[in-house]
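Q: Below is a structure I'd like to ask you about.
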Amino acid sequence: MPGPQPHAATCEYLADELGSPRRVHTAQDVVGTLLRGNWAIFAHEWADPDGIDPEHWRDVVEAAAEAAGVDVEFVVIPRRSLTVVFNRAVPPSFEQVRASIEVIERARQAG
């Protein structure tokens, strides 16, 4: 798994190491990310009027993951307006997800 071990670093250190959020453009890109042992987060403000909303994103990613044989888990974080998806075979630690959320929050504040 990329980056330092969760017990060896603080959440703040992990957030610095993660860098800026990267956008992926297809469900296959998300599944590839999950197959590499990473996770993906859909910020709900990325929804658009053409139908890409959190529920649609989840359905599309879930179908692509199923087609690729990847068992995924979705976690909705309403307070942060985020949906996290990860590969159940290689789940991220709480600290890793929390650091990723911090990175997204920084990007939101930066505009």
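The values are calculated or read from the model by the stated rules, or taken from the named source; none is laboratory data. All figures in this text were calculated on a predicted structure; none of them were measured in a lab. In this analysis, Cβ positions are derived from the backbone assuming ideal geometry, glycine residues included, and neighbour counts consider all displayed protein chains. Heavy atoms of the whole protein, side chains included, go into the accessibility calculation; ligands, DNA and RNA do not. Shrake-Rupley method; radii C 1.70, N 1.55, O 1.52, S 1.80 Å.
Q: Using beta carbons and a limit of 8 Å, which pairs, at least six apart or on different chains, have the first residue in segment 15-33 and closer than 16 Å to LEU82 by Cβ and the second one at pLDDT below 65?
A: LEU18/GLY3
Q: Only one of (1) closer than 15 Å to ARG23 by Cβ; (2) open to solvent by less than 70 Å² (accessible area, probe 1.4 Å) is not met by GLU45, so which one is it?
A: (2)
Q: Pairs under 6 Å by beta carbon, first residue within 21 Å of ALA43 (Cα to Cα) in segment 65-92, partner of a type in the set (Lys, Arg) and open to solvent by 80 Å² or more (accessible area, probe 1.4 Å), six or more apart or different chains?
A: GLU73/ARG88; PHE74/ARG58
Q: Does segment 84-92 contain any residue that is of a type in the set (D, E, K, R), at pLDDT 90 or above and either open to solvent by 40 Å² or more (accessible area, probe 1.4 Å) or part of a loop (DSSP other than H, G, I, E, B) (or both)? Reasoning before the result, please.
A: Kept after step one, since they are of a type in the set (D, E, K, R), are these residues of segment 84-92: 88.
This time we only want the ones that are at pLDDT 90 or above, so: 88.
Now narrow it down to the ones that are either open to solvent by 40 Å² or more (accessible area, probe 1.4 Å) or part of a loop (DSSP other than H, G, I, E, B) (or both): 88.
Checking segment 84-92: at least one residue is of a type in the set (D, E, K, R), at pLDDT 90 or above and either open to solvent by 40 Å² or more (accessible area, probe 1.4 Å) or part of a loop (DSSP other than H, G, I, E, B) (or both).
Q: Conditions first: (1) touching a strand residue (DSSP E or B) at 6+ places or on another chain (Cβ under 6 Å); (2) of a type in the set (Phe, Trp, Tyr); (3) under 18 Å from ARG108 (Cβ atoms). TRP39 passes all but one, so which condition is the exception?
A: Of (1) touching a strand residue (DSSP E or B) at 6+ places or on another chain (Cβ under 6 Å); (2) of a type in the set (Phe, Trp, Tyr); (3) under 18 Å from ARG108 (Cβ atoms), only one is false for TRP39: (3).
Q: Considering only segment 33-49, state which residues are aliphatic (A, V, I, L, M) and farther than 14 Å from ALA65 by Cβ. Explain how you work it out, then say what you get.
A: The initial filter retains those residues of segment 33-49 that are aliphatic (A, V, I, L, M), namely 34-35, 40-41, 43, 47.
Selection gives ILE41, ALA43, ALA47.
For (1) loosely packed, with under 13 Cβ neighbours inside 10 Å; (2) part of a strand (DSSP E or B), each residue gets a yes or a no:
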| residue | (1), (2) |
| --- | --- |
| THR33 | no, no |
| ALA40 | no, yes |
| GLU55 | yes, no |
| VAL76 | no, yes |
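Q: Follow-up. Can you tell which of VAL103, VAL97 is of a type in the set (A, V, I, L, M), in contact (Cβ under 8 Å) with a residue 40 or more places away in the chain, within 22 Å of ILE52 (Cβ to Cβ) and open to solvent by less than 70 Å² (accessible area, probe 1.4 Å)?
A: VAL103
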